[in-house]
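Here's the structure we're looking at; comments come further down.
Where a number appears in this text, it was derived from the coordinates with a stated rule and is not lab data. None of these values were measured; they are calculated from a predicted model. All Cβ positions, even for glycine, are placed from backbone atoms using ideal geometry, and neighbour counts span all protein chains on display.
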């Protein structure tokens with residue numbers, strides 16, 4: 001007689017998890033990512049801000065039509081956003097512009113998709129990291145604990161309000177896209193090193209694969225080069241530079257010599273030689289920046305872990321520190337950061353996961369919060385770095401070793417933190433629903449910020465020009481207030497000039513006197529150039545009719561501004577703008593050519609100046625000089641990036657016909673500030 005067969009157990013019987021429990025983790029993943037998309041959705045209808053205009057809106061090269069190798073190269077190298085020009089990010093902008101039009105919606109939807117992709121990559125990497133750490137750090141974490149901790153960490157990261165500008169501030173896709181390849185690269189390194197230790201081989205696929213991710217990350221944004229520093233931290237705390245035998249691996253040391261030591265030394269020499277470490281264009285010194293960043297980085301930690309809606313803005317305004325006690329927060333912030341670093345070092349064996357999280361955050365600050373002459377504060381600089389902070393908090397709550405009591409209470413705290421982050425992000429995203437709402441939000445919460453105040457005046461000006469003339473007094477009051485704030489640039493004053501001219505109101509001479517005083521007293525900035533460009537554009541379009549003495553005095557003041565001779569690109573563009581205005585004032589082309597030639601001499605590597613000269617030479621009938629300009633332009637045509645411009649100039653030279661004496665030749669050389677495209681709505685100035 002055969003033994004009785006045991007019936008198959010039902011999935012819902014005790015001892016066998018039911019359907020809901022078996023799929024709970026996957027359902028929570030969908031909930032986390034769906035909630036992220038839902039919270040960001042209101043902000044997708046918002047507009048452009050800050051660098052979006054120069055990088056994207058005014059960049060006609062991003063519209064690729066017809067498709068050709070030259071047009072693509074021209075698009076991806078069309079803006080000098082950084083030393084490497086960020087061609088991968090620029091190519092994605094070109095795809096948005098070419099296939100979906102000039103509106104911001106498709107750009108923002110793409111940014112949100114990148115955010116969700118990064119969340120998925122971080123989820124996979126965090127799970128792999130915790131499983132590897134369980135073995136190498138001898139932890140007794142269960143698979144279930146690892147999966148849910150990884151999900152909690154990534155959900156909190158997705159919902160951090162500190163990361164919102166990397167999604168809704170379109171041009172900051174560069175930071176998010178660099179993070180995409182960085183996360184993928186760190187995950188790849190983790191998996192490849194595990195295989196290499198297990199098998200004692202595999203250095204060729206590890207190095208080639210890692211090199212690919214490193215190049216992709218750095219070409220999305222220069223901060224992608226920090227991939228090397230991230231994996232170095234991972235190596236130090238997880239693998240400890242050891243191979244299969246348990247001894248120090250020579251291959252690992254060689255890897256970091258090739259990918260870290262030599263490139264770092266070469267990069268420092270290159271940045272010094274090319275002037276990338278010059279502070280001539282900044283209102284602070286290297287020492288003041290280093291002091292100030294202590295306060296800034298401590299702010300970042302607070303904004304990440306205990307966010308307050310009033311803290312968040314696109315227009316951060318911070319007075320630089322001039323000494324350890326000026327202000328006193330400088331020294332206190334430095335002591336707090338040193339304490340964190342010492343704590344990470346002390347925890348490297350007892351709690352290596354916390355040490356890793358702290359170290360990860362500081363690695364993320366190495367490039368944009370140290371010696372490079374960037375602006376002092378921007379939230380998107382923490383886009384990947386703040387994952388380390390979240391990892392510290394949630395690992396202490398959910399994976400504490402030795403195990404702590406009150407597990408349910410700790411889980412509740414973790415869930416409340418996630419809910420808190422979601423609530424602040426929801427409010428911050430809601431403020432981005434349109435330009436007016438964002439401007440009111442920023443002006444309310446940041447009354448001392450010149451940029452925030454100008455943003456409100458700018459929006460009121462747009463509404464005035466868009467059919468609401470009764471808002472003119474309010475717009476002028478807002479712009480007056482923005483221009484009077486400490487460290488304000490020329491944008492508010494220029495906007496008043498253009499707004500008054502386009503609406504038929506009187507333009508006050510005092511506005512020009514104020515601009516002259518600002519130009520003579522502070523270092524000329526790109527924002528000041530944009531202000532002058534707006535006035536010149538209004539003049540050449542014949543929307544403005546300003547007294548020539550006012551304009552001449554303005555350019556004289558600009559050329560007398562502090563450090564102007566140490567800022568060749570700024571001075572070059574100022575000369576071109578002066579030439580554009582003077583041509584409209586009937587200055588001979590020969591005189592305009594001298595201004596453009598000086599700009600080209602100051603910036604021999606900038607192709608646009610050579611294009612300007614070729615256009616002027618053609619207008620003057622000087623074919624020999626135009627051909628010489630074209631030859632010099634061709635010498636700058638690496639990777640074919642100037643192909644379309646060269647093709648146009650060649651055709652113009654080949655088909656040139658000398659104008660008759662009665663023909664009036666008129667040309668407006670384009671400046672290197674970016675090609676002009678018709679704006680989606682009338683703007684006084686951006």
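Before moving on, here are some points about what is shown:
- Folded to 0 to 90 degrees: helix 386-398 orientation relative to the chain principal axis, Cα: 20 degrees
- Proxy reagent accessibility, fewest Cβ within 10 Å first, across 139, 551: 139, 551
- For region 335-436, taking the reciprocal of the average inverse distance between every pair of different Cα atoms yields a Kirkwood hydrodynamic radius of 15.9 Å.
- Axis of helix 589-602 versus longest Cα principal axis of the chain: the two differ by about 30°, to the nearest ten degrees.
- With all pairs of different C-alpha atoms in the average, the Kirkwood value for the hydrodynamic radius of region 45-430 is 22.1 Å.
- Hydrodynamic radius by Kirkwood, which averages 1/r over all alpha carbon pairs of region 374-481, in angstrom: 17.4 Å
- log₁₀ of I(q)/I(0) at q = 0.11 Å⁻¹ - region 234-391, Debye sum with one point per alpha carbon: -0.56
- Restricting the calculation to Cα atoms, region 253-326 shows an Rg/Rh of 1.11 when the hydrodynamic-style radius is the Kirkwood one.
- Descending semi-axes in Å of region 506-662, equivalent ellipsoid built from Cα gyration tensor: 31, 20, 12
- Cβ-Cβ FRET estimate between residue 651 and residue 95, R0 fixed at 45 Å, reported to 0.05: 0.95
- Peptide packing: for 147-160, 316-329, 559-572, 372-385, the average count of neighbouring Cβ atoms within 10 Å per residue gives the ranking 147-160, 372-385, 559-572, 316-329, highest mean first.
- P(r) histogram, all alpha-carbon pairs of region 305-371 included - 10 Å bins from 0, percent: 17, 35, 39, 10, 0
- The Cα center of region 383-422 and the Cα center of region 464-481 differ in position by 48 Å.
- The per residue volume of the convex hull around the alpha-carbon atoms of region 143-247 is 108 Å³.
- Stretch gain in nm, segment residue 594-residue 631, where the contour uses 0.36 nm per residue and the Cα spacing is subtracted: 11.4 nm
- For the chain, the longest principal axis of the C-alpha atoms and the axis of helix 491-503 are separated by about 50°.
- A crude spin-label estimate for the pair residue 204 and residue 250, with each label 7 Å from Cα along the Cβ direction, gives 1.9 nm.
- Length available on full extension from residue 258 to residue 400: 0.36 nm per residue minus the Cα-Cα distance, which gives 47.4 nm.
- Quarter of Cα convex hull surface for region 509-578, i.e. mean projection, nm²: 4.2 nm²
- Placing pseudo-labels 7 Å out from each Cα toward the beta carbon at residue 416 and residue 556 gives an inter-label distance of 6.7 nm.
- Between residue 105 and residue 310, the simple spin-label model (points 7 angstrom out along Cα→Cβ) gives 3.6 nm.
- Between the entries [x] 75, 65, 47; [y] 117, 60, 55; [z] 147, 50, 44, the label attached to Cα extents along the principal axes in Å calculated for this structure is [y].
- Here region 448-556 is described by how far its Cα atoms reach on the three principal axes: 36, 34, 21 Å, from widest to narrowest.
- Highest mean packing first, where packing is the average number of other Cβ atoms within 10 Å per residue, the peptides 589-598, 493-502 line up as 493-502, 589-598.
- In terms of the mean number of neighbouring beta-carbon atoms within 10 Å, the peptides 344-354, 297-307 order highest first as 297-307, 344-354.
- Gain upon complete extension [residue 290, residue 509; 0.36 nm per residue less C-alpha separation]: 74.8 nm
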